[in-house]
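Q: Handing you this structure, nothing more for now.
The values are calculated or read from the model by the stated rules, or taken from the named source; none is laboratory data. Quantities reported herein were computed from a predicted structural model and do not represent experimental measurements. Backbone-built Cβ (ideal geometry, glycine too); neighbour counts: all protein chains shown.
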């Protein structure tokens, strides 16, 4: 896949996409002779990867913020991102063999392909098989933990989440595992917990979990976060 990326679309088209697929960012400009030589080589190598790698082309004259993000001093400049991190790159024109090798280094291994396939299948047996291959594979941990929560196995989900670093996704699943949505809504429960949050660790955790379940878009979340802060400090 080959796409044109702008300052406005960089977050969605490059950073978010790199969570799942390696993205090669080609920083170029119409006046740059070496860019015109390198561009077709990158396009050819990425096309040969059969969708396993995405090429994002950025005209730095029209999109200076992206160039500033990479602190580019000269072009052509090429960066490979995976998991929102730069994992490889080079500056200046390269020959066909070097470009082909650069893209080849980004291709997933057989084990990585197997893990991705198992996670995509998404059933419990497949997710557990993925974790046998890689016990800390975050997408499999998150997928299985959510499945466990959905089938009333919250304690097992929490033990599983302990394998991976804290993240917004893991916090939300953990909150689901620890806390049920009150039948009469959130506010009555939150109000009842407020008097206990300063001295009762369990009450404070339940309060925070309820805010997590409400989510940042609920206007009550910010209001109750302020109330929690005022009680704690």
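Q: Would a scan of segment 63-73 turn up a residue that is surrounded by 15 or more Cβ atoms within 10 Å (Cβ to Cβ), touching a residue at least 24 places away in the same chain (Cβ under 8 Å) and over 23 Å from residue 12 (Cβ atoms)?
A: Looking through segment 63-73, none of the residues is surrounded by 15 or more Cβ atoms within 10 Å (Cβ to Cβ), touching a residue at least 24 places away in the same chain (Cβ under 8 Å) and over 23 Å from residue 12 (Cβ atoms).
Q: Looking only at segment 5-34, filter to residues that are under 15 Å from residue 67 (Cβ atoms) and surrounded by fewer than 15 Cβ atoms within 10 Å (Cβ to Cβ); which one of those is farthest from the chain's Cα centre (by Cα)?
A: 31
Q: I've got another one for you. Consider residue 182 carefully, then state whether it is modelled with pLDDT under 95, under 23 Å from residue 19 (Cβ atoms) and either in contact with a strand residue (DSSP E or B) (Cβ under 9 Å, 6 or more places away or on another chain) or outside any helix (DSSP H, G or I) (or both).
A: In short, no.
Q: Shifting gears a bit: Looking only at segment 206-214, decide whether some residue is over 25 Å from residue 125 (Cα atoms), touching a residue at least 40 places away in the same chain (Cβ under 8 Å) and surrounded by 12 or more Cβ atoms within 10 Å (Cβ to Cβ).
A: There is at least one residue in segment 206-214 that is over 25 Å from residue 125 (Cα atoms), touching a residue at least 40 places away in the same chain (Cβ under 8 Å) and surrounded by 12 or more Cβ atoms within 10 Å (Cβ to Cβ).
Q: Still on this model: Wholly within segment 33-151, which helices (runs of 4 or more DSSP H) include no fewer than the required count, namely at least 2 residues that are closer than 22 Å to residue 166 by Cα? Before the answer, list the steps.
A: Details: elements: 33-48, 64-69, 96-104, 110-121, 124-133, 138-150.
Because the criterion is at least 2 residues that are closer than 22 Å to residue 166 by Cα, the helices (runs of 4 or more DSSP H) in segment 33-151 that meet it are 110-121, 124-133, 138-150.
Yes/no per residue for (1) touching a strand residue (DSSP E or B) at 6+ places or on another chain (Cβ under 8 Å); (2) modelled with pLDDT under 90; (3) closer than 14 Å to residue 81 by Cα:
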{"site": "4", "(1), (2), (3)": "yes, no, no"}
{"site": "21", "(1), (2), (3)": "yes, yes, yes"}
{"site": "27", "(1), (2), (3)": "yes, no, yes"}
{"site": "33", "(1), (2), (3)": "no, no, no"}
{"site": "38", "(1), (2), (3)": "yes, no, no"}
{"site": "50", "(1), (2), (3)": "no, yes, no"}
{"site": "57", "(1), (2), (3)": "yes, no, yes"}
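Q: Please work out which one of (1) out of contact with any helix residue (DSSP H, G or I) (no Cβ under 8 Å at 6 or more places or on another chain); (2) in a loop (DSSP other than H, G, I, E, B) is the condition residue 17 fails and give its number.
A: The number of the failed condition is (2).
Q: OK, next. With respect to residue 117, determine if the residue is in the same structural domain as residue 11 (by TED's automatic domain parsing) and either buried (at least 16 other Cβ atoms within 10 Å of the Cβ) or within 21 Å of residue 16 (Cα to Cα) (or both).
A: In short, no.
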